[in-house]
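This report refers to the structure that appears directly beneath it.
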């Protein structure tokens, strides 16, 4: 009887010590290709307590994915197949995930980062962009908002943009040439918190055709 009681007590204590999810569920699609990972949506970050669902696949050859302490049993990523991993983000910080299956010459450089941030840390916010639209040839954008830092990064469309930190309320970023359309401008702080706003690349005006005048 005593042994049964001790066993039950141990089980209850074990359950009570298990960290349950306290946030929302965030789902990320990861595609591995020689020699990088593409994560959608961007950035790959979550608040502590969130449940994270990874759906991963390969776009070319067989790859792997491991990320301590969240993905300790490496995932094998095969072209045409999707593997799913679910975990609770219960530790804050920056966590590196890398390929665990040799995939070619630059295999050892195939790695990226996942961020878990605290809800107690102020998150960045974008109040406005100046200008809100610009030429497809590229332009300089003033990003106005709050809680920016010297190590805040800027991403415009799908590429990291050169940027200059002015203050905690303003950053300048250079928008590279891009096709006409609406693209996200995203600021990402070092802990993985982010904010986004839309910028419009304007199509150039249509050329004016002039009729030849016959003498």
Return yes when residue 57 is modelled with pLDDT of 95 or more, within 19 Å of the chain's Cα centre (by Cα) and farther than 28 Å from residue 153 by Cα and no when it is not. no
Taking the condition of being part of a loop (DSSP other than H, G, I, E, B) and exposed (fewer than 14 other Cβ atoms within 10 Å of the Cβ), how many residues in the stretch 160-175 meet it? 2
Considering only residues that are outside any strand (DSSP E or B) and farther than 15 Å from residue 181 by Cβ, which ones fall in the stretch 127-159? 131, 147, 148, 149, 150, 151, 152
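The values are calculated or read from the model by the stated rules, or taken from the named source; none is laboratory data. What you are looking at is a predicted structure, and each value in this text was computed from that prediction instead of being measured. A quick note on method: Cβ atoms are made from the backbone with ideal geometry, for glycine too, and the neighbour counts reach across all protein chains shown.
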